[in-house]
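> Pasting a structure here, questions to come.
The values are calculated or read from the model by the stated rules, or taken from the named source; none is laboratory data. Since this is a predicted model, take the numbers as computed values, not measurements. Don't worry about glycine lacking a Cβ; one is built from the backbone with ideal geometry, like all the others, and counts go over all protein chains shown.
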Amino acid sequence: MMSERIVVIGSNGQIGTELVTELRKSYGDGNVIACDIRRPDYDIKNAGPFEFVNVLEKDILKQLFQKYKPTQVYLLAALLSATGEQNPKLAWDLNMNGLLNVLDLALEYKTARIYWPSSIAVFGPNSPKIQTPQLCIMDPITVYGISKLAGERWCEYYFHRYGLDIRSIRYPGLISWKAAPGGGTTDYAIHIFHDALKKNSYKSFLSAETELPMMYMDDAIRGTIELMDAPAEKISIRSSYNLTGMSFTPEVLGKEIKNHIPDFKLEYMDFDQRQAIADSWPKSINDTVASNDWGWKPGFNLSKMTESMILNLRK
Ligand code: SER
């Protein structure tokens with residue numbers, strides 16, 4: 001455990017910010033190298049090494065592998081579903097070539113373990129909507145979903161063909177308070193808390209009855225590290241694991257927030273392009289393969305998550 005050297009690419013994002021902190025607790029500040037294209041604006045910068053890295057600049061990325069010879073790499077840099085639709089070619093380039101660059105360097109430098117997140121965006125209109133299984137029809141409609149599905153295929157390919165130990169989770173909407181979300185369709189479930197505390201009201205860009213799978217960041221970070229710590233023989237999925245914490249609609253979330261902020265008012269926009277994306281995604285996810293393989297169990301339900309969000313954002 002002590003000799004791990006862990007590189008986290010995309011360390012300033014919604015996941016990276018919390019993952020770096022957690023990994024540094026277990027492995028020591030100096031052994032977790034935070035990397036991003038932007039200067040870190042959270043406590044990452046003071047706690048341990050930071051490098052400017054653009055995953056699309058393979059020479060610089062190679063220098064990073066050369067310098068640190070990482071035993072583990074987490075590749076979190078990506079354009080998400082809503083932002084990706086504004087610049088589809090860039091989303092494809094970053095999400096796909098960024099991954100391939102890292103996979104190739106991991107082979108060259110014999111990185112023991114790679115983590116790369118996928119998403120519920122790999123599913124599409126013809127995937128089963130309720131309790132979406134690990135394996136089913138997948139016809140993503142966003143460039144983000146297309147790139148994640150293609151990335152899953154590459155991960156499995158590199159595992160079978162080259163024996164690279166790649167692990168992945170299909171994250172649902174991730175809810176957190178430490179760092180801003182990265183331009184996703186599920187981001188309403190974060191904005192709603194900020195606005196509820198600031199203005200007692202929120203105008204949702206998704207309709208009242210849009211149900212989506214979600215997870216509190218504490219669970220996501222724990223699940224990710226549990227997957228990375230699991231013995232290789234327990235990992236039966238080399239594309240990406242279904243994982244979920246809870247499912248709810250804006251209306252149900254609004255009611256839960258009202259328990260804490262009684263005069264909270266929830267309204268809805270007439271039209272938003274993200275609605276079509278949300279409508280193409282699962283309402284709930286079946287994650288029994290993850291439970292059976294490496295013991296996944298969520299710790300946060302809707303009420304516990306809401307309580308924690310409000311408590312932390314109030315501070
Ligand atoms: N939260 C992500 C998004 O909405 C889903 O992976 O894009």
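> For Ile6, are the conditions met, namely being in contact (Cβ under 8 Å) with a residue 24 or more places away in the chain and in contact with a Phe, Trp or Tyr (Cβ under 9 Å, 6 or more places away or on another chain)?
The answer is yes for Ile6.
> Being in contact with a strand residue (DSSP E or B) (Cβ under 6 Å, 6 or more places away or on another chain) and not in a loop (DSSP other than H, G, I, E, B): is that true of Asp187 here?
Working: in contact with a strand residue (DSSP E or B) (Cβ under 6 Å, 6 or more places away or on another chain): no; not in a loop (DSSP other than H, G, I, E, B): yes.
Considered against the rule, which asks whether it is in contact with a strand residue (DSSP E or B) (Cβ under 6 Å, 6 or more places away or on another chain) and not in a loop (DSSP other than H, G, I, E, B), Asp187 comes out as no.
> With (1) more than 15 Å from the ligand (Cβ to nearest atom); (2) under 27 Å from Gly295 (Cβ atoms) as the list, and Phe193 as the residue in question, which single condition is left unmet?
Failed condition: (2).
> Please work out if Gln63 is within 16 Å of the ligand (Cβ to nearest atom) and more than 19 Å from the chain's Cα centre (by Cα). Let's see the steps before the verdict.
Values: within 16 Å of the ligand (Cβ to nearest atom): no; more than 19 Å from the chain's Cα centre (by Cα): yes.
Here the answer is no, as Gln63 does not meet what is asked.
> Which pairs do you get when a residue that is closer than 18 Å to Arg314 by Cβ and free of Cβ contacts under 8 Å to residues at least 12 places away in the same chain, found in the range 174-203, comes within reach of a residue that is among the small types (Gly, Ala, Ser) and more than 15 Å from the ligand (Cβ to nearest atom), reach meaning Cβ atoms under 8 angstrom, with the pair 6+ apart or on two chains?
Correct list of pairs: Asp195/Ser201.
> Ok, one more. So which residues in the range 156-183 are away from the ligand (no atom under 15 Å from the Cβ) and part of a loop (DSSP other than H, G, I, E, B), if there are any at all?
If the condition is that a residue be away from the ligand (no atom under 15 Å from the Cβ) and part of a loop (DSSP other than H, G, I, E, B), then Gly163, Leu164, Asp165, Trp177, Lys178 are the ones that fit.
> Would you confirm whether any residue within the range 219-239 is buried (at least 19 other Cβ atoms within 10 Å of the Cβ), of a type in the set (Asp, Glu), under 18 Å from Gly184 (Cβ atoms) and at pLDDT 95 or above?
Yes: the range 219-239 contains one or more residues that are buried (at least 19 other Cβ atoms within 10 Å of the Cβ), of a type in the set (Asp, Glu), under 18 Å from Gly184 (Cβ atoms) and at pLDDT 95 or above.
> Follow-up. Which one of Val102, Val143, Val122 is more than 27 Å from Arg222 (Cα to Cα) and buried (at least 19 other Cβ atoms within 10 Å of the Cβ)?
Answer to the check: Val143.
> For the list (1) closer than 17 Å to Tyr144 by Cβ; (2) surrounded by 14 or more Cβ atoms within 10 Å (Cβ to Cβ), I need the number of the one condition that Leu266 fails.
(1)
> Tally time: how many residues in the range 128-159 are farther than 26 Å from Arg113 by Cβ and free of Cβ contacts under 8 Å to residues at least 40 places away in the same chain?
Residues in the range 128-159 being farther than 26 Å from Arg113 by Cβ and free of Cβ contacts under 8 Å to residues at least 40 places away in the same chain: 3 in total.
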